[in-house]
Amino acid sequence: MKIKVLGSGCKNCITLEKNTAEAVKEMGIEAVIEKVNDLNKIMEYGIMTTPALVVDEKVVSYGKVLKPKDIVKILEKVR
């Protein structure tokens, strides 16, 4: 599973990245978490509000700082 956290590097983006790592650890799954802060690459996903979460190239959330439990629910659905 490949997970991307899209954002400029702001506090919310950093928090989402930490929460994503916590959710992956809690689930005991293997996933690569990549931080994308290049504005052009972020725009390629068609989102205008960060932070955003992308799982296997599908945008699953944007404009919110998800809690680890919410990320777990999303990852369970897309697995």
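Computed from the coordinates by the stated procedures, all read-outs in this text should not be read as laboratory data. A quick note: this is a predicted structure, and the numbers were derived from the prediction, not measured. Methodologically, a virtual Cβ is constructed for each residue, glycine included, from the backbone with ideal geometry; neighbour enumeration extends over all protein chains shown.
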task: Taking the Cβ of each residue in T50, T20 as the centre, tally the other Cβ atoms inside 10 Å and list the residues starting with the fewest.
output: T50, T20
- request: Enumerate the amide H contacts of S61 below 5 Å, restricted to partners 5 or more residues apart or on another chain; note that Pro and chain-start residues carry no placed amide H.
  value: L53
statement: For the chain, longest principal axis from Cα atoms; helix 11-27 axis from its Cα atoms; angle between them, nearest 10 degrees, is 20
- prompt: So which residue, out of V54, V32, V24, gets the largest mean-square fluctuation from a GNM of the chain using Cα contacts under 10 Å as springs?
  reply: V32
- request: Pull up the DSSP beta bridges for the chain and report the antiparallel fraction as a percent, rounded to 5.
  value: 60
- prompt: If you place +1 on the Cβ of every Lys and Arg, -1 on the Cβ of every Asp and Glu, and leave all else neutral, what size is the dipole of the chain about its Cα centre, to the nearest 20 Debye?
  reply: 240
Distance violations [Cα-Cα > 21 Å] among K4/K69; K41/K69; K35/K67; K41/K67; K25/K67; K18/K67: K41/K69; K41/K67
task: Within the set of other residues whose C-beta is less than 11 Å from the C-beta of E34, count the net charge using Lys and Arg as +1 and Asp and Glu as -1.
output: +3
query: Mean separation of Cα pairs under 8 Å and 6+ residues apart, divided by the residue count of the chain: what relative contact order is that in percent?
result: 40
Cα long-axis angle, helix 68-78 against the chain (0 to 90 degrees, to the nearest 10): 90
- prompt: Per residue of the chain, what 222 nm ellipticity follows from adding -39500 (n - 2.57) for every DSSP H run with n ≥ 4, rounded to the nearest 500?
  reply: -13000 deg cm²/dmol
